[in-house]
Amino acid sequence: MSRQEGGDDGVSQLVTGEAVVLQVRIARMPTRALACAIDVILQGVVLGVLISLLTGFLIGGEASEALAVALIFLVVLVVVVGYRVVMETLTRGRTLGKMVLGLKVVRDDGSSIRFRHALVRTLMWFFVDFAPWFAACPGIVASLMNKQGKRIGDMVAGTVVIRERHQPMASPPLFVPGHLVQWAQSLELSRLSDELANASREYLARYTELLPGARDSIGDALAYRVSQVTAPVPPVPMVAPAFLSAVLAERRRRELNRLAVPRAAVNTGPFGPYAVPAGPFAATPSPYGALPPPPVPGPFPAPAPAAPYRPAAVNPQGWAAPGSNESGQWF
């Protein structure tokens, strides 16, 4: 289940099934209308070319009038309906018009849409929202009256159109403790879905905003789900946030390597420092970047020192803090 909250400023909150709040910017009617116009123009050009070729073929072959009408109707249906379904399915919520304007269709919980969502949205768009026999009014009226700009097809499919560009995306600092670098590099992450990774990333980004009880329960639930689709298990007990951070850091490192994008140097996180114990892993170079240089003295006074770090106690789910000498539940 998901919950949605909207505001007059166009920013809305989508709450995932893991109770993680996503801040998104809703696409409004003018932007969506311009994206739709771009798609319609492209479809019109393709239809004009195909119908011209089909007409020349039918005239040359002296086909019956009924066959000509059926073929033309089939071409129109494939171009108008098939284009949207195929594009939104393959690109996870985008058509060419949406790509140009930086829009994307997502589900109500913020996850990517699938074939069934694209099919329902397209059929409702063609037969209800902008159908000529309804004077293209239902979709416009519904979008103007809905706080999230949803047309009838979005309401039925459980989707919403958001703006991707200039989106305030949370970027939590992800890290892997030095003594777990080799373990992280050996992780099997092919079964980790984008939806689960995004939910874990949003949880880490809003870790300090959650109440302690909800923070622990959500973290344990996410860590359990991630542990079911990753291997091998950590060689030492880890708290849920540290485990999620390590998995996501390794996943991001591999994605950046594939895209050949320079990696940012990140070695610290919001869950406290980790001391690297002496052993065979102490001298292992970290692939996640070097420590940032010390700050240059400036005109502003240094901030007050933070409170001393205290190892977390074992919670009811069995997670143990690193270095607490308590036997915790391994993944």
Find the accessible area per residue for the stretch 115-166; the probe is 1.4 Å, ligands and nucleic acids are left out, and the unit is Å². 53
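Given a Förster distance of 56 Å, report the FRET efficiency between Val69 and Leu144 from their Cβ-Cβ distance, rounded to the nearest 0.05. The partial results should precede the final answer.
Values: r = 36 Å, r/R0 = 0.65.
Once the sixth-power term is evaluated, E becomes 0.95.
Subtracting the Cα-Cα distance from 0.36 nm times the residue separation, let me have the gained length for Leu54 to Leu96 in nm, one decimal. Walk me through the intermediate numbers first.
Details: separation 42, 0.36 × 42 = 15.12 nm, distance 2.52 nm.
Roughly 12.6 nm would be gained on extension.
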If we sort 149-158, 192-201 on the protection proxy, mean other Cβ atoms within 10 Å, highest first, what's the order? 149-158, 192-201
By the mean-Cβ-within-10 Å protection proxy, highest first, 29-40, 238-249 rank as 238-249, 29-40
How much length is gained on full extension from Trp133 to Glu209, taking 0.36 nm per residue of separation minus their Cα-Cα distance? 22.4 nm
Which whole-Hz couplings ³J(HN,Hα) result when phi for each residue of the stretch 133-144 is put into the Karplus expression 6.51 cos²θ - 1.76 cosθ + 1.60, θ = phi - 60°, listed in order with x for Gly and Pro? 6, 9, 6, 6, 8, x, x, 5, 4, 5, 5, 6
How many percent of the accessible area of the stretch 53-154 is carbon or sulfur, using a 1.4 Å probe? 75
Quick one: if the Förster radius is 22 Å, what FRET efficiency do Leu256 and Asp194 give, using the C-beta to C-beta distance and rounding to 0.05? 0.90
Using modelled amide H (1.01 Å from N, peptide plane; none on Pro or chain starts), what sits under 5 Å from the amide H of Met238, excluding residues fewer than 5 places away? Ala320
With the Cα gyration tensor of the stretch 110-156 giving a ≥ b ≥ c as the square roots of its eigenvalues, does the rule (a/c under 1.5 for rounded; else a/b larger than b/c for prolate; else oblate) give rounded, prolate or oblate? oblate
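Would you please put 111-118, 72-79 in order of how densely packed they are, using the mean number of other Cβ atoms within 10 angstrom per residue and starting with the highest?
Descending packing order for the listed peptides: 111-118, 72-79.
The values are calculated or read from the model by the stated rules, or taken from the named source; none is laboratory data. Only a predicted model underlies this, so the values are computations on that prediction, with no experimental measurement involved. For neighbour counting, all protein chains shown are included, and Cβ atoms are generated from backbone atoms with ideal geometry for every residue, glycine included. Heads up: the accessible areas ignore ligands, DNA and RNA and are worked out on the full protein's heavy atoms, side chains in. Shrake-Rupley method; radii C 1.70, N 1.55, O 1.52, S 1.80 Å.
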